[in-house]
Amino acid sequence: MIFSKAGFGGAVADFEAAVVAQDAKRSGKAFVRLQETFGQAKEADLLDGGPRLAAVLEQVPPGPRAVVAVLVGACVERGADAGCCAPGVRAGLRAALEAAAAFAEAWAAAGGGPFPVPDAGEPGEEIVERTGFDAAVGWWTLPQWEMAAVALLNHRAVRAGTGGEREELLRLLTAVEEASGEQFRSLGHALRVLDDEPLVALHRTSGTGYALRFFGIGDNFQLHTLLADALIGGGHVKGHAPSPQEVAVCRETPGQVDTVGSFDLTAPDGGRLWNEGAPADIPVVDGVRLLVLDEPSYRRSWPAGRFFPGMRGDVILERALEPEETERWFAHVSPAKELTG
């Protein structure tokens with residue numbers, strides 16, 4: 001056939017038409033062209049192509065569907081409307097997680113053993129025989145669905161639209177991770193990102209408390225630096241304040257800048273909350289996440305920045321708590337536990 005238009009825009013149009021018509025031969029050719037032409041795509045074709053590809057994802061066979069989802073995510077990273085693209089990618093991610101969970105069950109039922117590591121091709125015949133084709137493809141393509149989903153979850157509106165489905169996606173992901181021993185850390189963190197989330201921080205040394213709100217924080221390294229800026233940089237408590245450059249890369253400026261820890265992050269029960277964790281790990285007390293800031297027990301440095309470079313985040317200090325409020329919150333707090341081991 002003669003393609004109606006050259007470049008990525010033409011490949012999108014041909015792929016879309018072929019998928020709708022269920023023309024396997026034509027869609028296969030257009031699928032190859034999508035990948036070949038993406039690198040040289042014009043901005044207008046990317047803005048138009050992302051939503052169009054996302055709209056037909058459900059009709060694409062499971063294997064190539066994941067590749068197309070990655071292209072959708074790449075279009076979003078280049079400016080395509082994340083909200084328009086989100087429903088198709090979210091549905092595909094859920095289907096892949098369900099299939100990967102079925103793969104884990106089938107793999108265990110067939111004798112278990114180390115999980116196969118997905119390669120660039122399709123799952124081999126022996127693996128398909130053990131678990132079934134759909135389940136095998138679900139496991140095989142999960143890293144691609146992680147890439148696509150994270151690209152969209154960088155956007156606050158997409159995270160808000162996940163709604164109650166987020167817990168189910170996390171449940172499925174946890175089941176797959178526990179069965180396989182593999183970690184899909186980026187997806188797990190992205191699904192746990194909190195927005196417009198209230199936080200009470202208690203500074204143990206000074207006996208003061210603060211009401212804050214945060215959004216778009218990928219991990220506790222980022223939270224740590226932004227809290228130090230709000231409280232120490234803002235002159236509310238004493239300690240090491242991060243530089244403006246360290247703070248900027250934790251909000252939205254690209255790159256990383258070396259920083260030093262200002263606190264030990266402590267849970268109300270006295271247990272340590274590690275920087276490698278996420279703000280969602282902070283316990284909820286009386287409907288609000290409650291965090292205790294202790295003096296740093298040792299000097300720790302790391303590259304300040306964002307776990308998700310495409311996600312804007314911030315911590316906003318709303319007010320210092322009155323002494324009576326602070327005392328009530330401290331009533332929920334135990335002494336910091338000694339680290340062992």
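Taking a quarter of the surface of the convex hull around the Cα atoms of the range 1-155, what do you get in nm²? Please report the intermediate quantities before stating the final value.
Working: hull surface 36.6 nm².
That works out to 9.2 nm².
Compare G49, G73, G235 in a GNM of the chain, Cα atoms joined below 10 Å, and give the one with the largest fluctuation.
G235
Under a 10 Å cutoff between Cα atoms, tell me which one of A108, A228, A69 has the largest fluctuation in the Gaussian network model of the chain.
A108
What are the extents of the Cα atoms of the chain along their three principal axes, in Å, largest first?
Rounded to whole Å, the extents work out to 75, 51, 33 Å.
Report the accessible area of Y298, computed with a 1.4 Å probe over the heavy atoms of all protein chains in place, in Å² rounded to the nearest 10.
Its heavy atoms expose roughly 110 Å² to the probe.
Please compute one quarter of the surface area of the Cα convex hull for the range 197-320 and express it in square nanometres. Intermediate values should be presented prior to the final figure.
Details: hull surface 26.7 nm².
The directionally averaged projection comes out at 6.7 nm².
Only bridges whose two residues both fall in the chain count here: according to DSSP, what percent of them are antiparallel, nearest 5?
Values: 23 of 28 bridges.
Approximately 80 percent, going by the DSSP bridge assignments.
What distance in nm separates the simple spin-label points at S243 and F330, each placed 7 Å from Cα in the Cβ direction?
In this crude label model, S243 to F330 measures out at 3.5 nm.
Roughly how tilted is helix 82-109, in degrees to the nearest 10 and between 0 and 90, from the longest Cα axis of the chain?
It is inclined by approximately 90 degrees.
What accessible area, in Å² to the nearest ten, does a 1.4 Å probe give for R312?
It works out to around 110 Å².
If each residue of separation counts as 0.36 nm, what is the full-extension length gain between W302 and A24 once their alpha-carbon separation is subtracted? Intermediate values should be presented prior to the final figure.
Details: separation 278, 0.36 × 278 = 100.08 nm, distance 5.02 nm.
Full-extension gain reported as 95.1 nm.
Kindly rank 26-32, 14-20 from highest to lowest mean number of other beta carbons found within 10 Å of each residue. Could the numbers behind the result be given before it?
On the way: 26-32: 18.1, 14-20: 19.9.
Listed from highest to lowest mean packing, they are 14-20, 26-32.
Could you tell me the ratio Rg/Rh of the range 160-220? Both radii from Cα atoms, Rh via Kirkwood.
1.13
Using a Debye calculation, one point per C-alpha and no hydration shell, please list log10 I(q)/I(0) for the range 137-244 at q = 0.09, 0.13, 0.21 Å⁻¹ in order.
Here log10 of I(q) over I(0) equals -0.34, -0.63, -1.09.
Between 0 and 90 degrees, rounded to the nearest ten: what's the tilt of helix 43-56 against the longest Cα principal axis of the chain?
80 degrees
Rounded to a whole number, what is D in µm²/s for the range 46-85 from Stokes-Einstein with the Kirkwood radius over alpha-carbon pairs (4 °C, 1.567 mPa s)? Each step should come with its number before you reach the end.
On the way: Rh = 9.7 Å.
Translational diffusion coefficient: 134 µm²/s.
Over the chain, with the other protein chains present, what is the accessible area per residue in square angstrom, probe 1.4 angstrom?
On the way: 15920 Å² over 341 residues.
Value returned for the chain: 47 Å² of accessible area per residue.
Starting from 0 in steps of 10 Å, tell me what percent of the Cα-Cα pairs of the range 230-282 lands in each bin.
Spelled out bin by bin, the range 230-282 gives 21, 42, 34, 3 percent.
Farthest toward the dipole's positive end in the range 28-153, which of A149, F115, T131, given Cβ charges of +1 (Lys, Arg) and -1 (Asp, Glu) about the Cα centre?
A149
Per residue of the chain, what 222 nm ellipticity follows from adding -39500 (n - 2.57) for every DSSP H run with n ≥ 4, rounded to the nearest 500? Could the numbers behind the result be given before it?
Details: 13 runs with 169 residues, N = 341.
Here the helix-only value at 222 nm equals -15500 deg cm²/dmol.
State the extension gain, in nm to one decimal, for the chain segment bounded by L47 and A17, taking 0.36 nm per residue of separation less the distance between their alpha-carbons.
Values: separation 30, 0.36 × 30 = 10.80 nm, distance 1.82 nm.
Additional length available on full extension: 9.0 nm.
How much of the pair distance distribution for the range 106-192 lies past 15 Å, counting alpha-carbon pairs only, in percent? Please list the in-between numbers first.
Working: 2329 of 3741 pairs.
So the pairs more than 15 Å apart make up 62 percent of the total in the range 106-192.
Taking the chain as a Gaussian network, Cα atoms linked when under 10 Å apart, which of D119, D134, D48 shows the biggest mean-square fluctuation?
D119
The values are calculated or read from the model by the stated rules, or taken from the named source; none is laboratory data. Predicted model, so just to flag it, every value in this text is computed and none were measured. All Cβ positions, even for glycine, are placed from backbone atoms using ideal geometry, and neighbour counts span all protein chains on display. Side chains are part of the model used for accessible areas, which takes the heavy atoms of the whole protein and leaves out ligands, DNA and RNA. Shrake-Rupley method; radii C 1.70, N 1.55, O 1.52, S 1.80 Å.
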